[in-house]
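**Q** For reference, the structure I am asking about is given below.
The numbers here are math on the coordinates, done by the rules we state, and not lab data. None of these values were measured; they are calculated from a predicted model. Please note: Cβ atoms are built from the backbone with ideal geometry, for glycine as well, and neighbour counts cover all protein chains shown.
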Amino acid sequence: MEIASAKLSASFRKLLLFTTISVLMFGFSGCVQSGALRLSLPESRVPYDQAWQSTLEASLLYHDRIVIQDKTTGHFQTSWDIHQVGVLIGTPVKRSRLIGRVASQDPFRLDLDMEQQAFSMELGRWVADNPDKKRLLEIKERLRARLHLF
C-alpha cells in the first residue's frame, strides 16, 4: 500500500512540476505580454484618398516619420519614437510606434495599433510594455475630427 502511495505521490509531484514549468514558459513566450493596443475608428464617408492623407498627417503630429506607407493595401507604420521616462540617468527608456490598417475603403474604416516597448537593462533588449492609451485616444480623436466622425 505504501509503495502505491509513494508512486502516486511521485507522479503528482512530476505533474505539478510539469504544469508549473508549462505555465511559466507560456508566460515568457509572449502570449501574456502586452505591448500593443488596438482601437478602431468608426466608418467615415470621406473619400479614400482624402481619408488616407488625413490619417498620415494626423500620425505625423505624434511621430517623427512614416517608414511604411502603402495606399493600395491601406497599411502604414511610423518609426519608433524613443523617449526617456524620468530625468535621472538609468531611468527606463521607452519607444512606441503607430501601425494603421484600413479595414474598409468605402466607407473608410481604420484600425490603429500602438506598440510600446521598454529597454530592459537586465536582458539587454527591448521588451513589450503597456502602451500609452491616453496618447492613442488623442490620435483617434484627432482623426475623428479630420474625418468628420461626430
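**Q** About the Cα centre of the stretch 34-146, what is the dipole size in debye to 20, counting +1 per Lys and Arg Cβ and -1 per Asp and Glu Cβ, all else neutral?
**A** 160 debye
**Q** Excluding residues on the same chain fewer than 8 positions from Lys94, give the aspartates and glutamates whose Cα lies under 12 Å from its Cα.
**A** List returned: Asp81, Glu115, Asp129, Asp132.
**Q** Can you give the extra length, in nm with one decimal, that the chain gains between Ala128 and Asp113 once fully stretched, where that is 0.36 nm per residue apart less the Cα-Cα distance?
**A** Net length gain for the segment: 4.0 nm.
**Q** Please work out the FRET efficiency for the pair Gln69 and Arg142, using the Cβ-Cβ distance as r and a Förster radius of 22 Å; give the result to the nearest 0.05.
**A** Efficiency, rounded to the nearest 0.05: 0.75.
**Q** Relative contact order for the stretch 41-150: what percent, with Cα pairs under 8 Å and sequence separation of 6 or more?
**A** 27 percent.
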